[in-house]
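Working notes, structure below.
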Amino acid sequence: MLLPELQEHCGAEFVSLIETTAQHVHRQGIKTVGLLASPTTLRTRLYTDRLEALGIAVVEPSIADRNMAESLIRAVISSRQVPLTALVPLIERLQEQGAEAVILGCTELSVIAADKSQTGLIDPLRLVAQALSV
C-alpha cells in the first residue's frame, strides 16, 4: 500500500520522512545534497527520486563509504555506542563531491548524531519532530 492509499484507508494524515526532508532541502535553496543511508535506501532511491523531482542533485557515497555507513548502522542496531566522529569522514567526502549539506537518511544515523551539532547535517527525524510539534 502506498502512502496516499494508506492515508485514505486510515482517514489520517501521515508525516513522511522523505517528503518533509525533501521540502526542507528545497526551502533551504540547496542545489546539491549528499545522502548517507543504508544500501537499501540508496538502491531503492527513496530520497533520491523525490529530491531530483524538486531539481536537487544527490551525491551518494562510494561503495566503500556505503559499506562503512552500513557497519555503523549495524553497530547502532546492536546497541553499540558510535561516536559522531565515525561519520565525519563520510560526510567530508560527500562535501568534497559538491554536497552543500548531507542528509542522514537512516534513523540509526540520526541516533549517532542525536544531541550533537554538526554543521551541514540534515536529520530527517528532527525535521519530522519539528513538523509534528507545530
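Just so it is clear, none of the values below were taken in a lab; they were calculated from the coordinates. Everything quoted here is computed from the prediction, not taken from an experiment. So basically every Cβ, Gly included, is an ideal-geometry build from the backbone, and we count neighbours across all protein chains shown.
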Exercise. Could you grab me the full set of residues in the range 47-77 that are among the polar types (S, T, N, Q) and in a loop (DSSP other than H, G, I, E, B)?
Key: Ser62
Practice problem: Identify all residues within the range 9-46 that are crowded, with 19+ Cβ neighbours inside 10 Å, in a strand (DSSP E or B) and in contact with a Gly (Cβ under 9 Å, 6 or more places away or on another chain); write none if there are none. | Solution: Gly34, Leu35, Leu36
Quiz prompt | Meets criteria (under 26 Å from Glu13 (Cβ atoms), out of contact with any Ser or Thr (no Cβ under 6 Å at 6 or more places or on another chain) and hydrophobic (A, V, I, L, M, F, W, C)) for Leu46 | solution = yes
Practice problem: Provide a single number: the residues in the range 43-77 that are touching a helix residue (DSSP H, G or I) at 6+ places or on another chain (Cβ under 7 Å), within 20 Å of Thr20 (Cβ to Cβ) and without any contact (Cβ under 8 Å) to a residue 40 or more places away in the chain. | Solution: 5
Quiz item: Which condition number in (1) free of Cβ contacts under 8 Å to residues at least 24 places away in the same chain; (2) over 13 Å from the mean Cα position of the chain (by Cα); (3) within 19 Å of Thr32 (Cα to Cα) is the one that Gln130 fails?
Solution: (3)
Self-check item: All positions within the range 78-129 that are surrounded by fewer than 12 Cβ atoms within 10 Å (Cβ to Cβ), among the polar types (S, T, N, Q) and in a helix (DSSP H, G or I)
Solution: Thr85
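Charged (D, E, K, R) and buried (at least 19 other Cβ atoms within 10 Å of the Cβ): is that true of Arg50 in this structure?
Working: charged (D, E, K, R): yes; buried (at least 19 other Cβ atoms within 10 Å of the Cβ): yes.
Yes; evaluated as a whole, the condition is true for this residue.
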